[in-house]
Amino acid sequence: MKKWIIISVIIVVICGASAWFLLGNTDQTQSVEAAQTTTAQKGKLEVAVSGSGSVTAITDQDVTAANTILVVDSVSVAAGDSVDNGDTLVTFNNGDVVTAPYDGEISSVSVSSGSGASQGTILLRMEDEDEVISPVTRGDSSVSTDSSSGGSTGGSSLTADTVSVKEGDVVEAGATLITFTDGSILQAPVAGTIISLSVASGDSVQSSATVAHITNYSTLQTTISVDELDVTKVAVGQAVKITASAFEDETFEGVVTKVATVGTSTNGVSTFDVTVQITDPKSLKIGMSTEASISIESKEDAIYVPVEAVYTSGDEKYVLVPTSSDDSTQSTNKITVETGITNDTFVEITSGLAEGDSVQIPRVQSSGNSSQGGMMMPGGDFPGGNFRGDSSGGRSGVGAPTGGAAPSGGGQGGN
């Protein structure tokens with residue numbers, strides 16, 4: 001009798017443990033939900049490459065005394081004239097004269113009375129007896145007829161006569177900045193604001209010395225670093241949308257003006273500088289941080305779904321379309337699709353789906369009381385992270401395309 005009692009107790013204990021185990025598993029099973037669904041949207045789909053940088057000035061340069069010009073007083077020859085060595089060719093307002101360096105014929109003349117010529121400017125071209133054509137520049141065979149001027153402007157220093165600008169002045173290209181006692185003039189090579197000026201009337205200036213600095217605050221740009229996998233998609237002329245940390249709710253327009261041909265390698269990853277001109281800087285200031293999104297490709301009226309909704313199996317791409325039977329049993333149909341352009345969030349469906357069609361997407365969720373979670377995968381290869389569209393997009397794609405909304409609580413696609 002004791003033996004039967006002991007056996008009965010053992011059976012009760014085993015049954016109780018089994019019931020607890022089953023209840024525990026039942027509790028976890030009840031917490032698992034069906035995969036989430038979304039619908040195929042229709043609208044504008046954009047592929048973009050993004051990067052960060054800072055605002056700089058397009059025009060930001062030093063002005064040196066070497067940029068001085070002399071004004072031409074007269075030109076003594078014309079194309080087709082024959083000249084002898086030492087004949088006068090060009091005379092400047094300050095009395096400097098350029099003479100023929102050899103016997104020959106004038107092939108072409110590049111200056112006229114009243115025009116300016118900086119040091120090294122080609123004044124004309126001559127052909128010698130061997131039919132070799134060579135340029136004659138300002139400084140060639142040049143002598144000064146005015147001993148008080150201290151010699152030709154090709155000398156080592158100049159003396160400032162009049163300074164016509166001050167720091168903070170805004171000047172146009174070609175505006176006179178400084179006139180020198182030898183008759184030469186320093187003009188603004190570009191339009192902008194005089195940021196610094198280091199010369200006063202009477203100062204002696206070395207010909208190579210920097211005398212001013214000009215920055216144009218109305219023409220700004222930003223340079224961003226683009227990953228080597230994306231830079232091949234970037235080209236001069238592409239449209240760019242720019243945001244700045246200082247203006248969170250404002251978007252600026254831009255255009256790609258330069259793509260670096262040499263990259264910079266860091267930890268085995270190469271990036272390339274892409275320069276973007278900001279077409280309307282508004283209140284942007286030099287040094288502000290920017291984020292730029294370069295539009296690589298876009299399509300109007302595209303049918304698209306989240307990237308995680310598309311599965312791949314070999315060369316086949318497909319989606320799972322939810323269905324229900326008369327007894328309310330939920331199931332899915334596998335629909336083969338063809339894809340087009342894609343970004344990090346959405347992929348175009350060119351065949352297999354229509355606007356409004358429901359598709360299943362995986363969902364990350366917690367399983368019962370367990371602290372571990374997982375992604376529900378309804379069969380086939382993993383979607384999203386392993387998917388690549390037929391037309392590759394930027395690694396940093398834009399968000400929800402125009403004309404469609406992202407699914408609420410959508411699954412996480414990988415890159």
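Inverting the pair-averaged 1/r between distinct Cα atoms of segment 180-221 gives 12.0 Å as its Kirkwood hydrodynamic radius. Normalising by residue count, segment 72-125 has a Cα convex hull of 68 Å³ per residue. Could you work out what % of the accessible surface of segment 33-85 is carbon and sulfur, using a 1.4 angstrom probe and leaving DNA, RNA and ligands out of the count? With neighbouring chains kept in place, the figure for segment 33-85 is 36 percent. Partner aspartates and glutamates whose Cα lies under 14 Å from the Cα of K334, excluding those fewer than 8 positions away in the same chain, are identified as E316, D357, D381. Per residue, the accessible area of segment 239-371 comes to 52 Å², computed with a 1.4 Å probe over protein heavy atoms only.
Taking all protein chains in place and a 1.4 Å probe, what share, in percent, of the accessible surface of segment 206-343 do carbon and sulfur account for? C and S fraction of accessible area: 45 percent. Legend: residue pairs K44/K317; K233/K317; K166/K258; K44/K258, Cα-Cα distance threshold 32 Å; pairs beyond threshold, K166/K258.
The values are calculated or read from the model by the stated rules, or taken from the named source; none is laboratory data. Model, not experiment: these values are computed from the prediction. The protein model used for the area step is the full one, side chains on, heavy atoms only, and it has no ligands, DNA or RNA in it. Shrake-Rupley method; radii C 1.70, N 1.55, O 1.52, S 1.80 Å.
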